[in-house]
Amino acid sequence: METLGTVLIVARGGPQWTATADVLSDEYDYRVLTARSAEDAAGALSDANVDIVLAEHGPNGDGLEFLTNLRVSHPEVIRVLALEARTDLTQAEISPAAIYQFVRKPLDARQIGLVVERGLESRELARRHRMLSREFKFAADSIKIHGRHSLPLHAESQHFEKLVYVSEKLSELCDLARKAARTELPILIQGETGTGKELLARAIHYNSVRRTSPLMVQNCGGMSDELLQSELFGHKRGAFTGAISDRLGLFRAADGGTVFLDEISEVSPSFQVSLLRFLQEGEVKPVGSDKTQTSSVRIIAASNRPLRALVAAGKFRQDLYFRLKGFELEVPPLRDRPDDIPVLAEFFAAKHGNTIGRRILGISAGALEKFISFDFPGNVRELENEIRRMVALAEDGEYLTTKNMSLSILAAPPRRRTGVAKGFASEGATLKDKVENLEKRVLEEVLAHHRWNQSRAANELGLSRVGLANKIKRYRLDESH
Ligand SMILES: Nc1ncnc2c1ncn2[C@@H]1O[C@H](COP(=O)(O)OP(=O)(O)OP(=O)(O)O)[C@@H](O)[C@H]1O
Ligand SMILES: [Mg+2]
């Protein structure tokens, strides 16, 4: 399901839009998401990587206002406005900065296909231009500093919708998640708190065939059975005190879509039975009703307590566990994938800098070294909170440094590498020789570990890229070693 780009249509619907959506996905191979309200659209924008938004303006919706706001919140998204044939909006009122292009109704699906194609092309060109000028500037700087250009820019980060990563562990996980998304099987996502389970669940929904139907989220922690039962299965009026009208329930409301059950480990034994029945039969019986109805939803469940252990301890039904884990995805803790720390840190610095309108140049090597040494019990959430705080304390146009770092992170002892120092420290006659030999070995090992990706090696060593390049030159290390 590799697509050329993602188009989000924000419109009330109707045959013209259905036809347009079909042409964009079938003939042009775009992934098409649809939203009937600004609220739905905000959900899709926050969960999926959207390239282009097509919004309707007319009696049915205020597309112009929506796109104008989008320009601030998601400046990278291409904005196309669809106008009623007769509209009181004059061309002069449509700011060219807010809108890339406008089209008129009746919609011509193929014309829209071309507008989308052209929009994506011009954005790609702008992106390449930006990268090239960065590279030229960088090459010029590094020639000025040490007479040669050998350092790559930052490791390109990868994305699975809103998940950012470079580590092999997360690449493998996201590859598996992409495959799992295309099936109809339930998915169980496990991992410590703050590792990105919910972000992964949302990414999966938007990569499944159910993406044009709703994604609904239910947190199962800290809820009474009665409440959870009626939230998910619905209830009849008068079924219990306080049930003043019929309630549809999430499973019916999400028919055709996905239900994300968070903190699944927390549900009671009797609720586990109801859930198992729903997974087996797809039947929903609202509380207080004797009629069953059917609903087709895909379940994604998450837990930060390992279900297998709860099953072994007799606290979770084994049959339900087996049902839930059509696919079992384990999100590793951040400390087990330190490669992700630099890209995440840069990503959050840019994101939160943007939000408060502060220009952050990057993160100092010293600060990165501290982050890499810290074991982040709160995982990515904790890293993000720390960076948000550091951005708030930084001045405009600064790097984030250890100056504004929390004491707990500053106090982390340096990460130990096993196997490096053993046996080499005795090489050489003087202390200086011994130290230099050791330094050379450490550099070699870390470079080899990162397959000569100098940015990552520099990050791990707490050196700047230039500092590392100087050492490589000094010790005459090169890739053939
Ligand atoms: N790989 C990632 N890229 C970008 N942001 C991430 C990544 N992983 C996590 N985050 C961010 O970290 C925060 C926590 O993620 P999320 O809520 O998905 O974690 P969780 O595993 O569901 O946590 P909990 O178990 O506490 O519910 C969110 O703000 C999320 O956006
Ligand atoms: Mg969560």
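The values are calculated or read from the model by the stated rules, or taken from the named source; none is laboratory data. Quick caveat: nothing in here was measured; it's all calculated off a predicted structure. Every residue, glycine among them, receives a Cβ derived from its backbone with ideal geometry; neighbour counts consider all protein chains shown. Protein only, heavy atoms only, side chains kept; ligands, DNA and RNA dropped before computing areas. Shrake-Rupley method; radii C 1.70, N 1.55, O 1.52, S 1.80 Å.
Quick check: is even one residue across the stretch 346-366 hydroxyl-bearing (Ser, Thr, Tyr), more than 16 Å from ligand 2 (Cβ to nearest atom) and either surrounded by fewer than 16 Cβ atoms within 10 Å (Cβ to Cβ) or in a strand (DSSP E or B) (or both)?
Yes: one or more hits.
Scanning the stretch 175-201 for residues that are basic (Lys, Arg), open to solvent by less than 70 Å² (accessible area, probe 1.4 Å) and either in the same structural domain as residue 380 (by TED's automatic domain parsing) or more than 8 Å from ligand 1 (Cβ to nearest atom) (or both) returns a single hit, 178.
With respect to residue 463, determine if the residue is at pLDDT 85 or above and out of contact with any Lys or Arg (no Cβ under 7 Å at 6 or more places or on another chain). Give the steps one after another, and end with the answer.
On the way: at pLDDT 85 or above: yes; out of contact with any Lys or Arg (no Cβ under 7 Å at 6 or more places or on another chain): yes.
Yes, satisfied.
For residues that are touching a helix residue (DSSP H, G or I) at 6+ places or on another chain (Cβ under 8 Å) and not aliphatic (A, V, I, L, M), scanning just the stretch 14-44, find the one that is surrounded by the most Cβ atoms within 10 Å (Cβ to Cβ). So, considering only residues that are touching a helix residue (DSSP H, G or I) at 6+ places or on another chain (Cβ under 8 Å) and not aliphatic (A, V, I, L, M), the one surrounded by the most Cβ atoms within 10 Å (Cβ to Cβ) is 20. Checked against (1) among the hydroxyl-bearing types (Ser, Thr, Tyr); (2) at pLDDT 70 or above; (3) out of contact with any strand residue (DSSP E or B) (no Cβ under 8 Å at 6 or more places or on another chain), residue 142 meets all criteria but (2). When residue 246 is tested against (1) within 33 Å of the chain's Cα centre (by Cα); (2) more than 16 Å from ligand 2 (Cβ to nearest atom); (3) of a type in the set (D, E, K, R), only condition (1) is not met. Selection of first residues in the stretch 72-97 that are under 22 Å from residue 118 (Cα atoms) and of second residues that are of a type in the set (A, V, I, L, M) and open to solvent by 20 Å² or more (accessible area, probe 1.4 Å), restricted to Cβ pairs under 8 Å at least 6 apart or on distinct chains, gives the following pairs, ordered by first then second residue: 78/120; 81/64; 82/107; 83/89; 94/64.
Is it the case that the stretch 18-27 has a residue that's outside any helix (DSSP H, G or I) and not assigned by TED's automatic domain parsing to the domain that holds residue 199?
To start, the set of residues in the stretch 18-27 that are outside any helix (DSSP H, G or I) comprises 27.
If we keep only those that are not assigned by TED's automatic domain parsing to the domain that holds residue 199 as well, we get 27.
Yes - at least one qualifying residue is present in the stretch 18-27.
Might you check whether a residue that is in contact with a Cys (Cβ under 7 Å, 6 or more places away or on another chain) and buried (at least 20 other Cβ atoms within 10 Å of the Cβ) occurs anywhere in the stretch 293-314? No - not one qualifying residue is present in the stretch 293-314.
Give the residues of the stretch 367-416 that are at positive phi and surrounded by 14 or more Cβ atoms within 10 Å (Cβ to Cβ), sorted by residue number.
Correct list: 376, 379.
Residues that are within 16 Å of ligand 2 (Cβ to nearest atom) and more than 29 Å from residue 182 (Cβ to Cβ) occur at least once in the stretch 265-287. Tell me, yes or no, whether the stretch 373-382 has at least one residue that is among the hydrophobic types (A, V, I, L, M, F, W, C), within 16 Å of ligand 2 (Cβ to nearest atom), more than 18 Å from residue 468 (Cβ to Cβ) and in a helix (DSSP H, G or I). Within the stretch 373-382 (the criterion being among the hydrophobic types (A, V, I, L, M, F, W, C), within 16 Å of ligand 2 (Cβ to nearest atom), more than 18 Å from residue 468 (Cβ to Cβ) and in a helix (DSSP H, G or I)), the answer is yes, since at least one residue qualifies. What do you reckon, is residue 47 in contact with a Ser or Thr (Cβ under 6 Å, 6 or more places away or on another chain), in contact (Cβ under 8 Å) with a residue 12 or more places away in the chain, within 19 Å of residue 202 (Cα to Cα) and surrounded by 14 or more Cβ atoms within 10 Å (Cβ to Cβ)? In short, no.
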